[in-house]
Structures are given as structure tokens and as C-alpha cells.
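Engineer: What follows is a single structure, and I will ask about it in a moment.
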Amino acid sequence: MAEGSQNLGNRKRLHNMATNRIQGHRHRLAVGIMESEKNYCTTLYNILEGYKKALSSSGGLTSRDLSRLFPPSLSSIYEYHCATLKKLETRLSRWRQQDILGDIFAKFSVTKEVRLELIISCDTLML
């Protein structure tokens, strides 16, 4: 009987160790996703506030050229990703063992209008 309870204790301990390792892995992946989103937001910001403003103020391009280089939907995309980043940061600051991230991406879906505008802009850019 003592051997059976010892085996049970060992199995529970192994299960807990495996669970902790999985949870640690999930948390590292979540942090990686958040860091990627942060880098993407920074890049979009630099495009909008750096390149676009510099090219706009230089006077070397027409407004049509600027809108072909920087589709109007770019600001909406930036806002979408900043909102996603904020949700990720909030979730990770309160991370528990059973937390998930998929619901964040499901709640924030880009509108059909933004997607259509981006597709049309990309098609125009390719011409």
C-alpha cells in the first residue's frame, strides 16, 4: 500500500513538473507574440511619422503619389495593431497559468472596408 501511494505521489510530482514546463513555454511564446506586435507597431509608426511626413513636407511627391505609397488604410492598420498590443500587454501583466491569447485576436478583426481598401491599394501599387 505504501508503494502504491509513493508511485501516485511520483506521478503527481511528474505531472506538476510537466505542467509547469508547458505553462512556462506558453508564457514565453505569449511574450514573443507581444514583442513581435510591439516591433510591428514601431515599424508602422516610423513609416507614418517618419517617412510619410518627410516625403509630404519635401514637396517632391504629389498627393496621388503619396497615397499610392502610403494607402489611407495604413493608419487604420496601425491603430488596429496598437489596440492589439495594448490587449496583449494587459493580458501578460495579469498572466495566470490557464490564460490564452486567441480571444484577443478574435475580438479585434480588421473591418471588411479596411481589408478591401488595402487590397485595392495593393493592386494599384502593383500596376
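Engineer: Only residues that are open to solvent by 60 Å² or more (accessible area, probe 1.4 Å), under 28 Å from residue 102 (Cα atoms) and either touching a helix residue (DSSP H, G or I) at 6+ places or on another chain (Cβ under 8 Å) or of a type in the set (Asp, Glu) (or both): list them for the range 29-71, please.
Structural biologist: Those that are open to solvent by 60 Å² or more (accessible area, probe 1.4 Å), under 28 Å from residue 102 (Cα atoms) and either touching a helix residue (DSSP H, G or I) at 6+ places or on another chain (Cβ under 8 Å) or of a type in the set (Asp, Glu) (or both): 33, 35, 38, 40, 45.
Engineer: Is one or more of the residues making up the range 8-26 of a type in the set (Val, Ile, Thr), in a helix (DSSP H, G or I), at pLDDT below 90 and under 22 Å from the mean Cα position of the chain (by Cα)?
Structural biologist: Scanning the range 8-26 turns up at least one residue that is of a type in the set (Val, Ile, Thr), in a helix (DSSP H, G or I), at pLDDT below 90 and under 22 Å from the mean Cα position of the chain (by Cα).
Engineer: Sticking with this one: Please find, within the range 84-97, the residue that is modelled with the highest pLDDT out of those that are open to solvent by 80 Å² or more (accessible area, probe 1.4 Å) and over 13 Å from the mean Cα position of the chain (by Cα).
Structural biologist: If we take residues in the range 84-97 being open to solvent by 80 Å² or more (accessible area, probe 1.4 Å) and over 13 Å from the mean Cα position of the chain (by Cα), then 93 is modelled with the highest pLDDT.
Engineer: Quick test for you: out of 39, 46, pick the one residue that is at pLDDT 90 or above and over 15 Å from the mean Cα position of the chain (by Cα).
Structural biologist: None of the others qualify; the one that does is 46.
Engineer: Does residue 100 satisfy the condition of being within 17 Å of residue 29 (Cα to Cα), modelled with pLDDT of 65 or more, open to solvent by 60 Å² or more (accessible area, probe 1.4 Å) and not charged (D, E, K, R)?
Structural biologist: Spelling it out, residue 100 is indeed within 17 Å of residue 29 (Cα to Cα), modelled with pLDDT of 65 or more, open to solvent by 60 Å² or more (accessible area, probe 1.4 Å) and not charged (D, E, K, R).
The values are calculated or read from the model by the stated rules, or taken from the named source; none is laboratory data. Keep in mind it's a predicted model, so treat the numbers as computed, not measured. When we count neighbours, we look across all protein chains shown, and the Cβ atoms used for this are built from the backbone with ideal geometry, even at glycine. Surface areas here come from the heavy atoms of the whole protein model, side chains and all, with no ligands, DNA or RNA. Shrake-Rupley method; radii C 1.70, N 1.55, O 1.52, S 1.80 Å.
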